[in-house]
Amino acid sequence: MSSGVEQASGQLPNQGEAQATASAPAAPANLMGMSPTQMRDWFASIDEKPFRATQLLKWIHQHGVDDFDQMTNLAKSLRSKLQDLAEIRPPVVVEEKLSSDGTRKWLIRVTGGSCVETVFIPEGERGTLCVSSQVGCSLDCSFCSTGKQGFNRDLTSAEIIGQLWIAAKSFDSLGSGKRRAISNVVMMGMGEPLMNFDNVVAAMQLMMDDNCYGLSKRRVTLSTAGVVPQMDRLADHVDVSLAISLHAANDELRNQLVPINRKYPIAELLRASRDYLARMPDQRRKLTVEYTLIDQVNDSLEDAAQLARLMVDIPCKINLIPFNPFPLSDYRRPSNNRIRAFQHYLMDKGYTATVRTTRGEDIDAACGQLAGAVNDLTRRSQRHRNKAESRIAATEVGN
Ligand code: SF4
């Protein structure tokens with residue numbers, strides 16, 4: 001196979017889909033998204049030794065190779081067997097955009113024709129890749145462009161890890177002796193990662209495996225809006241950094257901004273966060289609290305005081321994200337004075353509070369702006385458009 005850029009669409013099987021059925025020939029197994037354990041099990045299922053799994057993982061994820069014929073340490077007979085039974089299929093790059101500040105954004109088509117977005121943000125020695133986990137999002141946070149696109153489906157593990165593979169190849173940073181361009185991965189792109197638990201876990205295992213990308217667990221972060229039952233399961237599967245999308249310090253406001261709060265209110269979210277931290281082998285780990293500052297909605301000093309009281313017994317750093325406007329949203333970004341006042345209030349209370357610099361605005365890659373091209377199965381995008389149009393029409397009549 002050639003690189004992901006030219007791959008045509010087609011049926012992309014999950015590992016489970018690779019099983020034969022009685023009437024149809026087995027679809028080739030896509031090795032791209034198999035976790036190390038899944039890869040070993042798959043090689044055992046075709047009567048091959050487990051060390052073959054390690055060889056394949058290295059070829060795919062360390063060397064960026066997706067053509068069995070280039071895997072020179074495999075016998076010809078095994079390569080031919082793999083050609084018959086398997087494939088290495090990343091998703092397809094439709095477009096790559098470069099911002100004036102060095103931020104890059106890829107528009108990536110997945111099976112079914114929808115597109116997701118992946119963003120790379122360089123900051124000095126650090127390079128952070130923001131990875132998507134779903135086509136659209138099934139939650140509907142009121143300040144988020146992705147949420148307004150509706151929802152199509154979960155990404156497969158191949159489509160999730162494929163975003164890192166594509167980005168690393170685009171920087172020519174796969175292969176022996178190459179400089180690593182991507183030092184951090186955040187699961188903060190389109191979608192709620194914990195609504196796609198198994199595929200996200202498999203992809204994060206590949207990110208951290210020494211035979212693959214070898215990222216340290218401190219440098220892989222999963223961000224959740226608060227799917228509490230899955231937060232409770234997470235530590236059984238991976239040891240990654242945790243971020244919560246809080247955005248409000250009381251339930252009444254959070255119910256409006258982050259609707260999943262009606263199901264799992266703040267007290268439960270913080271209980272699950274505390275439990276997750278308590279189960280980490282490294283007890284110095286801190287929770288990251290993401291708080292989007294929206295003008296006159298959640299950015300007053302009273303909001304800051306509530307937030308300070310709320311987080312008092314949880315080791316955390318607070319990341320303030322000035323709202324990034326997107327079409328049809330009626331929220332506004334606060335003034336710099338209001339942002340600074342909020343930040344300084346928290347710092348005076350002893351918190352580490354940073355303001356996220358807006359990056360990639362000229363290519364719509366800033367936080368909360370990712371939209372992709374979602375074939376919306378929920379009709380939510382149409383409802384949002386209708387609502388926004390009525391709002392605009394009402395304003396025009398009022399004028
Ligand atoms: S903020 Fe996250 S969880 Fe909420 S709608 Fe956007 S992508 Fe989904």
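What follows is calculated from the coordinates using simple rules that are stated; it is not laboratory data. The shown structure was predicted, so the numbers you read here are calculated from the model rather than taken from an experiment. Here Cβ is always computed from backbone atoms with ideal geometry, including for glycine, and neighbour counts include all displayed protein chains.
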Quick one: if the Förster radius is 45 Å, what FRET efficiency do Met347 and Ile46 give, using the C-beta to C-beta distance and rounding to 0.05?
0.20
Rounded to the nearest 500, the 222 nm mean residue ellipticity computed for the chain from DSSP H runs (n ≥ 4, each -39500 (n - 2.57)) alone is -9500 deg cm²/dmol
Taking every DSSP bridge whose two residues both lie in the chain, the antiparallel percent to the nearest 5 is 45
Of Lys97/Lys263; Lys58/Lys81; Lys178/Lys317; Lys49/Lys217; Lys148/Lys217, which sit over 26 Å apart, Cα to Cα?
Lys97/Lys263; Lys178/Lys317; Lys49/Lys217; Lys148/Lys217
Table column - 3J(HN,Hα) (Hz), the range 117-134, Karplus curve with 6.51, -1.76, 1.60, x for Gly and Pro
10, 10, 10, 10, 10, x, 9, x, 6, 9, x, 10, 9, 9, 10, 8, 10, 9
Running a GNM on the chain with Cα contacts under 10 Å, which residue among Pro322, Pro193, Pro229 ends up with the highest mean-square fluctuation?
Pro229
Any idea how far apart Val312 and Thr72 come out in nm if each label point goes 7 Å out from Cα toward Cβ?
6.5
With +1 on the Cβ of every Lys and Arg and -1 on the Cβ of every Asp and Glu, and nothing else charged, how large is the dipole of the chain about its Cα centre, in debye rounded to the nearest 20?
560
In terms of modelled amide H atoms, which long-range or inter-chain residues lie less than 5 Å from the amide H of Glu48?
none
In whole Å, how far is the Cα centre of the range 230-261 from that of the range 123-174?
18
The computed P(r) of the chain puts the percent of Cα pairs beyond 35 Å at 28
Between Leu78, Leu31, Leu139, which gets the highest mean-square fluctuation from a Gaussian network model of the chain, Cα cutoff 10 Å?
Leu78
Find the percent of Cα-Cα distances in the range 33-80 that exceed 18 Å, and round it to a whole number.
23
Whole-Hz Karplus couplings 3J(HN,Hα) for the range 197-210, θ = phi - 60° and coefficients 6.51, -1.76, 1.60, Gly and Pro as x, run 4, 4, 6, 5, 4, 4, 5, 5, 4, 5, 4, 9, 6, 5
Per the rule of 0.36 nm per residue minus the C-alpha distance, extending Glu361 to Asp84 adds in nm 95.2 nm
Within the chain, which is the longest segment containing none of the GluC sites (Glu not before Pro) that sit in a DSSP loop and have at most 10 other Cβ atoms within 10 Å?
126-399
